[in-house]
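*Asks:* Here's a structure for you.
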Amino acid sequence: MIIILIIFLALQFIRPERNNGSINGPHDISYYVQVPDTIKKILITSCYDCHSNHTIYPWYAEINPVGLWLGNHIEDGKRAINFSDLSGFTKKKLDHRMGDIAETVEKKEMPLDSYTFIHRYAILDSGQIQMIKDWSASARKEIGYEK
């Protein structure tokens, strides 16, 4: 028990870098496709904590190993798509990700259950899911990637 306590205390000194950049940047999603205000609000509420350069951290993020776990989730989310910076995306990759967005929200795979368990306001209702699907389809046309 003492060893577990020592490990727990030692973990408190590990502080991962915070994701405290700007939501908007020179290469954010709106640089590539039109993002209506209604969609932007949904994305900020339900997606941006893990899929942008700015996370609003809950109090329990200060306690490790939870903070480390959250940091890992954020990095994974940003690797999939970072709405704040899509500068490394080709038209093909952006088109594919827009399709992924529609598919994952339709299947209710996003936002993650582990996120919405605490952040109940981030749960997407059927109307919001349809709005995201419609926006995704429109954005894919706007991207103009020819398969």
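The values are calculated or read from the model by the stated rules, or taken from the named source; none is laboratory data. Every value quoted in this text rests on a predicted model; they were computed, and no experiment measured them. Neighbour counts run over all protein chains shown; Cβ positions are idealised from the backbone, glycine included. Just the protein is used for accessible areas: all its heavy atoms, side chains included, with ligands, DNA and RNA removed. Shrake-Rupley method; radii C 1.70, N 1.55, O 1.52, S 1.80 Å.
*Asks:* Among the residues in segment 32-41, are any among the basic types (Lys, Arg) and modelled with pLDDT under 90?
*Replies:* Checked segment 32-41: no residue is among the basic types (Lys, Arg) and modelled with pLDDT under 90.
*Asks:* Do any helices (runs of 4 or more DSSP H) lying entirely in segment 1-104 carry at least 1 residues that are over 16 Å from the mean Cα position of the chain (by Cα) and within 22 Å of ILE123 (Cβ to Cβ), and which ones are they?
*Replies:* 37-46, 66-80
*Asks:* Please state which of the following conditions GLU106 fails to meet, knowing it meets all the rest: (1) touching a helix residue (DSSP H, G or I) at 6+ places or on another chain (Cβ under 8 Å); (2) closer than 25 Å to GLY25 by Cβ.
*Replies:* Checking GLU106 against (1) touching a helix residue (DSSP H, G or I) at 6+ places or on another chain (Cβ under 8 Å); (2) closer than 25 Å to GLY25 by Cβ, the one that fails is (2).
*Asks:* Ok, one more. Could you list, in sequence order, the residues of segment 79-93 that are open to solvent by 10 Å² or more (accessible area, probe 1.4 Å) and under 11 Å from TYR32 (Cα atoms)?
*Replies:* Answer for segment 79-93, where residues must be open to solvent by 10 Å² or more (accessible area, probe 1.4 Å) and under 11 Å from TYR32 (Cα atoms): ASP85, SER87, PHE89, THR90, LYS91.
*Asks:* Which of the residues spanning segment 1-59 are of a type in the set (D, E, K, R) and over 21 Å from THR104 (Cβ atoms)? If you could, list the steps in order and put the result at the bottom.
*Replies:* Start the filter on segment 1-59 by keeping residues that are of a type in the set (D, E, K, R), which leaves 15, 17-18, 28, 37, 40-41, 49.
If the condition is that a residue be of a type in the set (D, E, K, R) and over 21 Å from THR104 (Cβ atoms), then ARG15, GLU17, ARG18, ASP37 are the ones that fit.
*Asks:* Another question about this same structure. Can you say whether ASP76 is open to solvent by 60 Å² or more (accessible area, probe 1.4 Å) and out of contact with any helix residue (DSSP H, G or I) (no Cβ under 8 Å at 6 or more places or on another chain), as far as the supplied structure shows? Quick ask: steps written out before the conclusion?
*Replies:* Working: open to solvent by 60 Å² or more (accessible area, probe 1.4 Å): yes; out of contact with any helix residue (DSSP H, G or I) (no Cβ under 8 Å at 6 or more places or on another chain): no.
Spelling it out, it is not the case that ASP76 is open to solvent by 60 Å² or more (accessible area, probe 1.4 Å) and out of contact with any helix residue (DSSP H, G or I) (no Cβ under 8 Å at 6 or more places or on another chain).
*Asks:* Name every residue in segment 106-132 that is in a helix (DSSP H, G or I) and at pLDDT below 95, in order of residue number.
*Replies:* Hits for segment 106-132 are ASP113, SER114, TYR115, THR116, ARG120, TYR121, ALA122.
*Asks:* Shifting gears a bit: Could you tell me how many of the residues in segment 69-84 are free of Cβ contacts under 8 Å to residues at least 40 places away in the same chain and closer than 14 Å to SER46 by Cβ?
*Replies:* Result for segment 69-84: 2.
*Asks:* Further question on the same structure: Among the residues of segment 18-34, count how many are closer than 26 Å to PRO58 by Cβ and open to solvent by less than 50 Å² (accessible area, probe 1.4 Å).
*Replies:* Residues that pass the stated criteria total 6.
*Asks:* Can you pull out every residue in segment 114-127 that is closer than 16 Å to LEU43 by Cα and under 16 Å from the mean Cα position of the chain (by Cα)?
*Replies:* Of everything in segment 114-127, those that are closer than 16 Å to LEU43 by Cα and under 16 Å from the mean Cα position of the chain (by Cα) turn out to be TYR115, THR116, HIS119, ARG120, TYR121, ALA122, ILE123, LEU124.
*Asks:* Just a yes or no: is a residue in segment 85-102 without any contact (Cβ under 8 Å) to a residue 40 or more places away in the chain and more than 25 Å from TYR145 (Cβ to Cβ)? Can you show your working first?
*Replies:* From segment 85-102, those without any contact (Cβ under 8 Å) to a residue 40 or more places away in the chain are 88, 90, 93, 96-97, 100-102; that's our starting set.
From the residues that got through so far, the ones that are more than 25 Å from TYR145 (Cβ to Cβ) too are none.
No.
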